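Encoded as structure tokens, the structure appears first; notes follow it.
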Amino acid sequence: QVQLVESGGGLVQAGGSLRLSCAASGSIFSINTMGWYRQAPGKQRELVKTMTSRGSTNSADSVKGRFTISRVNAKNTVYLQMNSLKPEDTAVYYCAYEDRGTRYWGQGTQVTVSS
């Protein structure tokens, strides 16, 4: 089992910035993928950004150039720096950890961007 603890999030005006953090603990496999997904009201959960333990990334087109993902493998921690936030970025953001075909989720943190 893997446990994920998220921090960050909150309310920000359009154009502002927020930083999310997520720390994983438990049965961590050295080769893994960590990252962020989000779910807005009435919509399906969608990919935001992920990064493998080897540094490869995957990103939604809607956040390219605005959001940056980084991680510290030694701390099993992943970060999401969100700049130039837009009202459409409002959602619950979920941290995810995946290895060997199994994905674990954090509890989610609310990000609200006011116009």
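The values are calculated or read from the model by the stated rules, or taken from the named source; none is laboratory data. This structure is a prediction, so every number in the text was calculated from the model and none was measured. Here the Cβ positions follow ideal geometry from the backbone for every residue, glycine too, while neighbour counts run over all protein chains shown. Heavy atoms of the whole protein, side chains included, go into the accessibility calculation; ligands, DNA and RNA do not. Shrake-Rupley method; radii C 1.70, N 1.55, O 1.52, S 1.80 Å.
Quick one: residue 70 ticks every box in (1) buried (at least 21 other Cβ atoms within 10 Å of the Cβ); (2) touching a Phe, Trp or Tyr at 6+ places or on another chain (Cβ under 9 Å) bar one, so which box is it?
(1)
Residues in the stretch 50-62: is at least one within 22 Å of residue 113 (Cα to Cα) and hydrophobic (A, V, I, L, M, F, W, C)?
Yes; the residues of the stretch 50-62 include at least one that is within 22 Å of residue 113 (Cα to Cα) and hydrophobic (A, V, I, L, M, F, W, C).
Kindly list the number of the only condition in (1) open to solvent by less than 80 Å² (accessible area, probe 1.4 Å); (2) closer than 21 Å to residue 1 by Cβ that fails for residue 100.
It is condition (1) that residue 100 fails.
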